[in-house]
Amino acid sequence: MASPRLTVAEVSESLQHFGIVDYIVFMCSLLICVVIGLYFGWKDWKAQQNRKRNAIRRGSEALNYLVGGRKMKIFPVAMSLIASFISGIAIMGASTETYLYGTQFCYIFTAIIAMAFSMNYIFLPVYQGLEITSAYGYLQLRFDRRLRLLGSGLFTLATLLHLPIVIYVPALAFNQVSGINVHIVSTSVCLVCIFYTLVGGIKAVVWTDVIQMFIMIGALILIVIKGTADIGGLGVLIERNMASGRIEGPNIDPTERHTIWAIFFGGGCFWISKNAIHQMMIQRYLALPSFRDAQKALVCFTVGIILLLMTCFYNGLLIYATFYDCDPLTTGLAKAKDQLLPVLLMKVLGNYPGLAGLFISGIFSASLSSLSTGLNSLSAIVLEDFVKPFSRKPLGERATRYIMRGTVLGFGIVAVVLVLVVEKLGTVLQLSMSLIPISLGPLLGLFLMGMLIPWVDSVSAFGGAVSGLVTMAYIVIRAQLAIAAKEMTFPTKPVSVAGCEYDFEFPPGYNATVGLSSPSVHANAKSLHHVSFLFYTFIGAVVTLTIGSLTASILRGQQSNKVDPLLLAPFVRRAYFPEHLPITSAVSLQKFNKEDTQLYLPLSFSGFP
């Protein structure tokens, strides 16, 4: 007599064997972060005592906490850039994206390369020349204080929308392998992150990023090697994914969810906005002593991020090759789309003590890196853009310290609370790339106007930014409401449950031939919010640029002679001001330094592009 088949609940429980060794590995990874935070906090305290004895100038506290005295090394900064950018959203979201929709999104590497070129030739030369701490200080130099506050406000909004997603992703993974409640996990781990960011500042953030980066890479390599071997090799993986239509060439059909056009133009703008105008990234480039060092860090970041993302996409193919005849989403083995990778993890590595703990540590490391970076950047923005400009007298070292650390604590608590909202929405990759462009699209348009179009003045730029913000808020909010109401869904690749060896109940809407039904938007729906989420940042930037530049041309006329050359991209500077003298800009910056309490180091224009 045949033994009774297991139920999906029993199979799920059998996969949740996160043992004592795994917990030890996980706790050790968190303990390392705490120790690093305490170490750099102690070093900064010692340095602070020396500054008091030697009467070092005001501002040293913030300079060390936010940009490490601008003396950081290339390697740790490059690793920190990668670790901060490749959060758990990318590790789990990219794998989920490939499993559900195929490899079309893999062509995002073209957008990453475009981002690197724009950083090298437009943004980095300007930032390094000005040596500012807040990226949005540029907007005051180029336009006025009103635009600076708008930019800082938009960044704060984008970061607050992003951080809860960053926290939710690893908690979801931990819940899948251990059964512990998502909110207990997210709160506990977030407190650890807040602590080491609070105590250690940028140096602790960067060096914990380096450690977390190696944990992350080790975890990904483990699952790739073991998972590929378990299914019979690379050939089996390619064969199964080719048969399901998941491996595909560039799609040029503009009506599809992902096309090469959306990925290159839309994804390119998203990546530029996340890297070139985002405080949490710019702050790391500005922690380096020279433009050449920043260029080297950019090259390392670009190569590293492409390789890491390709590994994440490979894991998506590996998930399908492993579960090609028993879809975990249909059976309920994975309760959420973004739990697919943890399910694969426990199937592949669950029987090896410590390896599952290492992988979960990798997921948490990626997210903690992004969280700590975001909190540290918010402390810079609040101090430099919202407190110092309105302070009647220069802030003392103690007040500066309390403001920066209070900001980290306050925003960290807000991010934990907002996790409750995130779990009600869609997949984390689409959610992240949908909500953030509300603010980053108009912000990108503002910076591009400032650096590329000399005749745009502050009034025109403000009008363009507000137009872009209103447009993006309408598109994104309407799209998220439509997705939540199931009015707008996207067709996924076919799945099968023919080979399942356990009992489960079919979900509503299941079609035995294609899997879960995922109709696309209604045939007659042609509203603006139905465009691919990849285009969101692109649309926000284009609306801002168009309205701003047209308004400037109509109402203000040509004003290029009033713009300081060093506030423009090098090639624009050479075209419009072929004979400009650096001393003009030095005078302007000295004036800015007196009017504003921005951190500032002596400028050197030698070797500047």
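Each value in this text was obtained by applying a stated rule to the coordinates, not by laboratory testing. Keep in mind that what you see is a predicted model, and the values were worked out from it rather than measured. Cβ sites come from the backbone with ideal geometry, for glycine too, and all protein chains shown count toward neighbours.
Taking θ = phi - 60°, what integer Hz values does the Karplus form 6.51 cos²θ - 1.76 cosθ + 1.60 yield along region 28-33, in sequence order, with x for Gly and Pro?
After applying 6.51 cos²θ - 1.76 cosθ + 1.60, I find 5, 5, 6, 5, 4, 4 Hz.
Which ordering of Ser496, Ser29, Ser370 is given by a fewest-first count of other beta-carbon atoms within 10 Å?
Fewest to most other Cβ atoms nearby, the residues stand as Ser496, Ser29, Ser370.
State the answer as a single residue: which of Ser29, Thr110, Val199 lies farthest towards the positive end of the charge dipole of region 19-423, with beta carbon charges of +1 for Lys and Arg and -1 for Asp and Glu, about the Cα centre.
Working it through, the farthest residue towards the positive pole turns out to be Val199.
What list of ³J(HN,Hα) values in whole Hz, one per residue of region 401-416 in order, does the Karplus curve 6.51 cos²θ - 1.76 cosθ + 1.60 (θ = phi - 60°) give from phi, with Gly and Pro shown as x?
In residue order, the calculated couplings are 4, 5, 5, 5, 6, x, 5, 4, 5, x, 5, x, 5, 4, 4, 5 Hz.
When Asp325, Asp209, Asp564 are ordered from fewest to most other Cβ atoms inside 10 Å of their Cβ, what list results?
Asp325, Asp564, Asp209
Please work out the FRET efficiency for the pair Leu191 and Thr546, using the Cβ-Cβ distance as r and a Förster radius of 56 Å; give the result to the nearest 0.05.
After rounding, the FRET efficiency stands at 0.80.
Specify the inter-centroid distance of region 264-312 and region 81-131, based on alpha-carbon positions, in whole Å.
Value for the Cα centre distance between the two parts: 7 Å.
Can you sort Leu149, Leu307 by how many other beta carbons sit within 10 Å, fewest first?
The order, fewest Cβ neighbours first, is Leu307, Leu149.
Residue-wise, which Karplus ³J(HN,Hα) couplings in Hz belong to region 231-244, taking 6.51 cos²θ - 1.76 cosθ + 1.60, θ = phi - 60°, and x for glycine or proline?
8, x, x, 4, x, 5, 4, 5, 4, 5, 6, 5, 5, 8
List the trypsin sites (Lys or Arg not before Pro) within region 290-361 that fall in a DSSP loop (any state other than H, G, I, E or B) and whose Cβ has at most 16 other Cβ atoms within 10 Å. Walk me through the numbers on the way to the answer.
Values: sites: Arg292, Lys296, Lys335, Lys337, Lys347; in loops: Lys335.
Qualifying residues, ordered by number: Lys335.
If amide hydrogens are placed 1.01 Å from N in the peptide plane, which non-local residues have theirs closer than 5 Å to the one on Thr7?
Amide H neighbours of Thr7, under 5 Å, 5+ apart: Asp503.
Along the Cα→Cβ direction, 7 angstrom out, place labels at Phe214 and Ile180. What is the inter-label distance in nm?
Taking the simple label geometry, Phe214 and Ile180 are separated by 2.5 nm.
Starting from the Cα-Cα distance between Arg146 and Val8, subtract it from 0.36 nm times their residue separation and give me the gain in nm to one decimal.
Net length gain for the segment: 44.0 nm.
Treating only the Cβ of Lys, Arg, Asp and Glu as charged (+1, +1, -1, -1), what charge dipole size does region 19-423 show about its Cα centre? Round to the nearest 20 debye.
So the magnitude is around 2200 debye.
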